[in-house]
Every structure is written in C-alpha cells, then in structure tokens.
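A short reminder: the numbers here are calculations on the coordinates, not readings from a lab. All values derive from a computational prediction rather than experimental measurement. Glycine gets a Cβ as well: all are built from the backbone with ideal geometry, and neighbour counts include every protein chain shown.
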Amino acid sequence: MRAEARVVYLAGLVQGIALVAFPAASTVFTDPSEYDLSSTQYGALFLPQVVTAIAASLLGAGLAGRFGLKRVYLAGLIANLASMSLLLASAFLTSNRSLAYALLLLATASLGVGFGLTVPSINTFTAAFHAGAIDRSVLVLNALLGLGTVLAPVFVAVFVGLGFWWGLPLVAAILVALLFLVSVRLPLRIETDQAATRPKLTIPARFWVYACFAVLYGICETINGNWSQVDMKDLGASTTEASLALTAFWGMVTVGRVLFAAIQRRVPPRLTYHVLPFVLVGAFAAIAHLPHDKPWLGVLAFGLAGLGCSALLPLTISFGQEELTAMSAAAAGGVIAFYQLGYGIAAFGVGPVLDSGVELSTLYGVAAIVAVVMGLWSFVVAGRSAA
C-alpha cells in the first residue's frame, strides 16, 4: 500500500500542474500576437471545464460502483492527457484563431472530465489508505496538488523566456502519460469500491451545507487563481511580475496546507477552518486597494489570499467524508462538483462584467463580502462538537 499511497500523492502533484495550465497561460491567451482573446472569451474558455467537471464529479461514485474506482481514476488521467495534447496542438494553429479557440474549448472540456474523475478518486484513495489520519492525509494530498499549481506558472514563465510557452502542456502531457503507465500496474483497491455497489442512499440534508460552502470557496479561489495576472497587468505590472503574483498565490496555498497539516495536533482543524476565511477577507480588501506603482504589494496580497484559501477545500472534503458516512464514497465528488460550480461563477462571470466597464478592484471588494459569508458559514459546517 505504500507504493499506492505514493502514486496517489504524485497524481495530486501532476493534476495540479494540468489544472492551472490554462490560468497560468492567461497572458498568452489574451496576447494580440497569440490567441488575442477578449476578457469574455477568456472567461468563456472555462465554461466547458465547469460543466464537464461537475458532471464527472457527480457521476464518479456511480461509475466507481460499476467499474471500480481504479478505472475511474485511470479514465481521469486519460482525459487529462487529451486536454494537454489539445492545448499543445492549439499552440501551432494560432494563425487560424477560430480553430485554435475551438481546440482550447475542447481542451478545457477534457480537463473538466479529468479533474472531476481524478480529484475525488485520489481524495477517496487517500482517506482509505490513511484511515487513522484522514484530515492530515487529505491536507498533504491537496498540498501536493497545490505544489503542482505553483509549478504551472513557473513553467510558463520559464518557457515564455525560452520562446516556446507550449513547453508547459508538453511537460504536463508527458507526466500524465508516465503516471498512467505506473498506476495501471498497481491494484489500487479499497473497501469503498465494494461499498459503492450497494443500493443508492438518500443524500443527507447536511450535505447541502458542505455544498454551499464549496460554492463560496470556489468563487473566492477562482477570482484569485484565474484573474490575478489580469489584475496585475491592469496595475501596470510586467508579465514576470504578474506570473509571480499567481505563483505567490498558489505557493501560499501549498505552504498553508503543509503548515496546517503539521500543526493540526496543536491547532484543531475546525479552528483553522473558522479563521482562514477572515484572512481571505483581509487579502481581498488589500487587493481591491492596490496602488498602480507598487506591483510587489500585489505579490504579497495574493500570497496572503493563498494562505486564506489553503486548507479550506481539503478540510471541507475530509469533514464531509468523516460526517457523511452514508455517502462517504460520493462525498468528495459532491464537494468537488459544487466547488466547480463556484469556479464557473468566477471564471466566466468576471469576463462579461469587465467588458462592461467594471474594474477588477471592485470585484475583489465584492469577493471580500463573499469571504465574510463563507467565514460565517464555516460555523454551520464545522461548528458542531464533533465534525
């Protein structure tokens, strides 16, 4: 099982790289000399991803009951490989921008399938492989996923400097293919596979509490992850400084997950869960008032936002899997599905608002209000004596 656990953790790292490939390349997509996408087109790019990710997340438990969780996980890897391959192909077709954009839409749709099947699967594997320390193991897994999200903008910055930004999807495709070849040789069997074949149970009312939190979190994370570089460019930052802000955000997401996993014996996870949304409130307030001549303040502010986001999603998943025992096999997928709904609201909704003349700074002020609501809602999710 040690080998299986290591491969599952590695899958989190690789999935993180693939997940942020598109936001990391936002400056390439909006560059007039490349894809020349408007804010609305860039935002619409993520709609197929949201739709397919929600569908895959919700169907994943049923598919695992019929075909086994391992096959669902492997199917997710294949979808990720298809996504990175389509993104790579689009880079050589920018002379025909309509065709290139169509390939990008297919690529994000494939990424949604990959994310929706892979992430709930590896969270379920991790919880099963570390039954005595679910909170800690899920935090570690998501820290590695976060590390992958850090590497994506770094890869883009490096490859842009070398003159071929498409090195990112090429590297990601190779990593996914290698991961598939290793995973297919492992048994990856857990009791959840058998439990998933039992008759379907009614969704507990408490699940919707987790679902609401996941939507709010998805909005808060995505307005940072997908729009930070655009905001930095609006403030006059260079491409490198904009990439650094996104790297700082995902970097602090990762650092926070590692930190809170390490100190959970001294700092109860529920306390972390209640405090972090209000850290995010402060970060959004700072981002909304960033000056135009000090881009390094933007890097710090987005880093603080990353810390605020860090442990919230993995703790929501682990709390849900511990409490919703009647649907533990589907809890991770359900939370991921509603997280993706929030992702879609922020990924797509911001674009048309920007094109209508509203500034991003105003939207970050609105996001601060969303974070306040999320902080209050955290007491509904994890306010009980036993989460």
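Can you find, among LEU147, THR108, THR240, the residue sitting farthest towards the positive end of the charge dipole of region 95-251, where Lys and Arg contribute +1 and Asp and Glu -1 at Cβ?
THR108
Of LEU58, PHE338, PHE302, which is farthest along the charge dipole of region 2-382 in the positive direction, counting Lys and Arg as +1 and Asp and Glu as -1 at C-beta?
Value: LEU58.
Convex hull over the alpha-carbon atoms of region 258-387: what's its volume per residue in Å³? The partial results should precede the final answer.
Details: hull volume 14.8 nm³, N = 130.
It is 114 Å³ per residue.
Sort the following peptides by mean Cβ neighbour count (other Cβ atoms within 10 Å, averaged over residues), highest first: 177-184, 162-169.
Taking the mean over residues of other Cβ atoms within 10 Å, the ranking is 162-169, 177-184.
What are the extents of the Cα atoms of the chain along their three principal axes, listed from largest to smallest and rounded to whole Å?
That works out to 54, 42, 33 Å along the principal axes.
Give the order of TYR101, TYR210, TYR217 when sorted by the count of other beta carbons within 10 angstrom, beginning with the fewest.
Numbers: TYR101 20, TYR210 24, TYR217 27.
Listed from fewest to most nearby Cβ atoms, that is TYR101, TYR210, TYR217.
Positive end of the charge dipole of the chain (Lys, Arg +1 and Asp, Glu -1 on Cβ, about the Cα centre): tell me which of ALA205, HIS289, GLY251 has its Cα farthest that way.
ALA205
Under a GNM of the chain (C-alpha, springs under 10 Å), which listed residue has the highest mean-square fluctuation: LEU376, LEU300, LEU87?
Maximum fluctuation in the GNM of the chain, among the listed residues, is at LEU376.
Evaluate region 42-201: find the radius of gyration of its Cα atoms, find its Kirkwood radius, and give the ratio Rg to Rh.
Rg divided by Rh gives 1.01.
Using the crude model of +1 on Lys and Arg Cβ and -1 on Asp and Glu Cβ, and no other charge, please compute the dipole size for the chain relative to its Cα centre, in debye to 20.
1400
Across region 291-354, how large is the tail of the calculated P(r) beyond 14 Å, expressed as a percent of all Cα pairs?
71
Would you mind ranking ILE174, ILE17 so that the residue whose beta carbon has the fewest other beta carbons within 10 Å leads the list?
ILE174, ILE17
Can you tell me which of LEU297, LEU216, LEU88 moves the most in a GNM of the chain? Springs connect C-alpha atoms under 10 Å apart.
Among LEU297, LEU216, LEU88, the largest GNM mean-square fluctuation belongs to LEU297.
Under unit Cβ charges (Lys, Arg +1; Asp, Glu -1), what dipole magnitude, rounded to 20 debye, does region 242-387 have relative to its Cα centre?
500
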